[in-house]
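Report on one structure; see the data block that follows.
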C-alpha cells in the first residue's frame with residue numbers, strides 16, 4: 001500500500017473524519033504534477049484499472065475530471081473483498097498527463113480501513129480547486145440492511161468531502177457533511193457516482209452541483225420493509241462557496257413506483273439550465289431512464305423526473321456531458337442492450353435532451369458504469385467498466401474525437 005494509503009487508515013467507527021489529525025502529513029505526501037501534454041497519434045484506448053492488480057480484487061464506479069492544468073484524474077473504488085458493494089472499499093485515483101494515453105501509479109485518496117468509502121463525485125471549481133464528495137458506511141453493512149433500517153446511524157451511509165489545491169497532488173482529510181447533506185428519514189444514500197458539475201452561466205455561476213440519491217423509510221403502519229424499489233429517490237447537493245458549505249436542492253422521492261429515481265448524472269446546458277438524467281430502478285414506466293431540468297441551478301426541478309424511453313438500455317448508471325463548442329451536442333453514455341449490461345454506446349442530443357440519436361458504439365462487449373469528460377476542445381473521453389467476458393474486468397478509457405460522432 002502507498003504511504004498515503006497508510007496515512008489514511010481510519011478507525012472503524014470514526015469514519016473518514018477520524019483522519020483529520022493526519023492532514024499535515026498528507027500535505028507532505030506529494031506526487032509530481034506534470035503539465036498536460038498532447039496525446040500521441042493512435043492513442044485512443046488505455047486501461048487505467050485492471051481487476052486483480054495493485055492490491056485490489058476489483059475496481060468499480062469510475063469518475064473522471066480534467067484538472068485546471070489539463071491533466072486527467074480517473075477516480076474509482078478499489079475493492080479488496082471482491083466485486084460486492086460492501087466490505088473493504090477505498091477511493092483511489094490515477095493521473096494522466098497526456099490526455100488519457102498513459103496513467104501514473106495508483107494513489108489512495110480515501111481509506112477507511114475495513115469499511116466502505118466510495119461513490120466518488122469530483123468537480124473542479126473556477127479557481128482550480130478539486131472538490132471530492134464520497135459516501136461511507138461500515139464494511140459489515142449491506143445495502144439491503146441499510147434500506148431496511150437495520151443499521152445504526154454511525155454504521156450507515158454518511159457523506160464526506162475533501163479537496164485538493166494542488167491539482168490533485170495532495171488532499172485534505174475527509175470532512176463529514178452528513179448533517180447538511182442527508183435528511184433524518186433517509187436511509188440509503190449515494191453521491192453521484194461520476195463527475196459533479198460547476199455552473200458557468202447566469203446568476204448561479206460558480207455553483208457546484210452534485211447529483212445524489214437516497215431512500216426513504218416506509219410510512220408508519222406500513223408492512224413494507226423499505227427495500228422495495230419505490231422507496232428510492234433522488235436529490236442534489238449544491239455549494240455556492242467552493243465546497244465549504246452544502247445544501248440539499250431538489251428532492252424527488254415519489255413512491256408511486258412509476259419512476260424510481262436512483263443513480264443520477266447532471267450537466268449544465270448552454271442556456272444555463274441544469275439537465276439531470278437518472279437510472280430508473282425497476283419503475284413501471286417505459287424504459288430504464290428518466291430525466292428532469294432545473295431552472296434555478298439545481299435548487300428545484302421544473303417538473304419531477306419523467307421517463308426518457310429514447311435512451312434504451314438496461315438498469316444501470318449512466319453519464320451526461322454537454323460538450324463544449326458551437327453546436328456541440330449533449331452526450332449520454334451507457335450500455336445500449338436493454339437485456340444486459342453490454343454494448344457501450346454514446347447517444348447525442350441537439351435539443352437539450354428532448355430527443356436522442358445513437359452517435360457511436362464503442363464495442364459489443366459487456367459494459368456497465370461510465371463517466372464522460374471533456375479532454376480538450378476537440379476531444380471527449382469516456383471512462384467505463386468493460387471486459388471480454390464480464391463488465392468488471394477493467395476500467396477502460398477511450399478518447400473520442402467530437403468530429404467522429406454521427
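The values are calculated or read from the model by the stated rules, or taken from the named source; none is laboratory data. Model, not experiment: these values are computed from the prediction. Neighbour counts run over all protein chains shown; Cβ positions are idealised from the backbone, glycine included.
Would you confirm whether any residue within segment 127-134 is assigned to a strand (DSSP E or B) and at positive phi? Among the residues of segment 127-134, not one is assigned to a strand (DSSP E or B) and at positive phi, which makes the answer no.
Among the residues of segment 146-172, those identified as more than 21 Å from the chain's Cα centre (by Cα) and either surrounded by fewer than 19 Cβ atoms within 10 Å (Cβ to Cβ) or part of a loop (DSSP other than H, G, I, E, B) (or both) are 148, 149, 150, 151, 152, 153, 154, 166.
Rundown of residues vs (1) over 16 Å from residue 197 (Cα atoms); (2) surrounded by 24 or more Cβ atoms within 10 Å (Cβ to Cβ); (3) modelled with pLDDT of 95 or more, yes/no style:
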| site | (1), (2), (3) |
| --- | --- |
| 236 | no, yes, yes |
| 258 | yes, no, yes |
| 262 | yes, yes, yes |
| 321 | no, yes, yes |
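Screening segment 182-230 for residues that are under 18 Å from residue 250 (Cα atoms) and in contact with a helix residue (DSSP H, G or I) (Cβ under 7 Å, 6 or more places away or on another chain) and picking the one that is surrounded by the most Cβ atoms within 10 Å (Cβ to Cβ) gives 215.
When segment 336-353 is filtered for residues that are under 17 Å from residue 392 (Cα atoms) and assigned to a strand (DSSP E or B), the ones remaining, listed by number, are 342, 344, 345. When residue 266 is tested against the conditions (1) at pLDDT 95 or above; (2) over 25 Å from residue 399 (Cβ atoms), the lone failure is (2). Any residue at all in segment 55-75 that is in contact with a helix residue (DSSP H, G or I) (Cβ under 9 Å, 6 or more places away or on another chain), crowded, with 19+ Cβ neighbours inside 10 Å and over 22 Å from residue 320 (Cβ atoms)? So far as segment 55-75 goes, no, none of its residues is in contact with a helix residue (DSSP H, G or I) (Cβ under 9 Å, 6 or more places away or on another chain), crowded, with 19+ Cβ neighbours inside 10 Å and over 22 Å from residue 320 (Cβ atoms).
With respect to residue 224, is the statement that it is assigned to a loop (DSSP other than H, G, I, E, B) and without any contact (Cβ under 8 Å) to a residue 40 or more places away in the chain true? Against the criterion (assigned to a loop (DSSP other than H, G, I, E, B) and without any contact (Cβ under 8 Å) to a residue 40 or more places away in the chain), residue 224 qualifies. Within segment 173-220, the set of residues being in a loop (DSSP other than H, G, I, E, B) and on the phi > 0 side of the Ramachandran plot comprises 192, 194, 206. Note on segment 133-142: residues that are crowded, with 19+ Cβ neighbours inside 10 Å and out of contact with any strand residue (DSSP E or B) (no Cβ under 6 Å at 6 or more places or on another chain) amount to 2.
Quick check on my filter: what residues within segment 311-335 are part of a loop (DSSP other than H, G, I, E, B) and more than 10 Å from residue 370 (Cβ to Cβ)?
At the first step, the residues of segment 311-335 found to be part of a loop (DSSP other than H, G, I, E, B) are 311-318, 323-329.
Across segment 311-335, the qualifying residues are 311, 312, 313, 314, 315, 323, 324, 325, 326, 327, 328, 329.
Being in contact with a helix residue (DSSP H, G or I) (Cβ under 8 Å, 6 or more places away or on another chain) and not in a strand (DSSP E or B) is the filter here; which residues of segment 135-145 pass it?
138, 140, 141 - these are the residues of segment 135-145 that are in contact with a helix residue (DSSP H, G or I) (Cβ under 8 Å, 6 or more places away or on another chain) and not in a strand (DSSP E or B).
Scanning segment 30-64 for residues that are modelled with pLDDT under 95 and on the phi > 0 side of the Ramachandran plot gives a single hit, 42.
So how many residues does segment 367-385 have that are under 21 Å from the mean Cα position of the chain (by Cα) and either over 30 Å from residue 306 (Cβ atoms) or in a loop (DSSP other than H, G, I, E, B) (or both)? Full working, then the answer.
Step one: of segment 367-385, the residues under 21 Å from the mean Cα position of the chain (by Cα) are 367-376, 379-385.
From what's left, either over 30 Å from residue 306 (Cβ atoms) or in a loop (DSSP other than H, G, I, E, B) (or both): 375-376, 379.
Number of matching residues: 3.
Inside segment 68-102, residues that are closer than 15 Å to residue 47 by Cα, in contact (Cβ under 8 Å) with a residue 60 or more places away in the chain and part of a loop (DSSP other than H, G, I, E, B) make up a count of 5. Taking segment 269-293, which residues are part of a loop (DSSP other than H, G, I, E, B), more than 18 Å from the chain's Cα centre (by Cα) and either modelled with pLDDT under 95 or under 23 Å from residue 321 (Cα atoms) (or both)? Once the filter is applied, which keeps residues that are part of a loop (DSSP other than H, G, I, E, B), more than 18 Å from the chain's Cα centre (by Cα) and either modelled with pLDDT under 95 or under 23 Å from residue 321 (Cα atoms) (or both), segment 269-293 yields 269, 270, 271, 272, 273, 286, 287, 288. Taking segment 238-258 as the range and being in a loop (DSSP other than H, G, I, E, B) and farther than 15 Å from residue 162 by Cα as the test, the residues that pass are 240, 253, 254, 255, 256, 257, 258. Inspect segment 348-366 for any residue being within 19 Å of the chain's Cα centre (by Cα) and buried (at least 18 other Cβ atoms within 10 Å of the Cβ) and give the result as yes or no. The answer is no, given that none of the residues of segment 348-366 is within 19 Å of the chain's Cα centre (by Cα) and buried (at least 18 other Cβ atoms within 10 Å of the Cβ).
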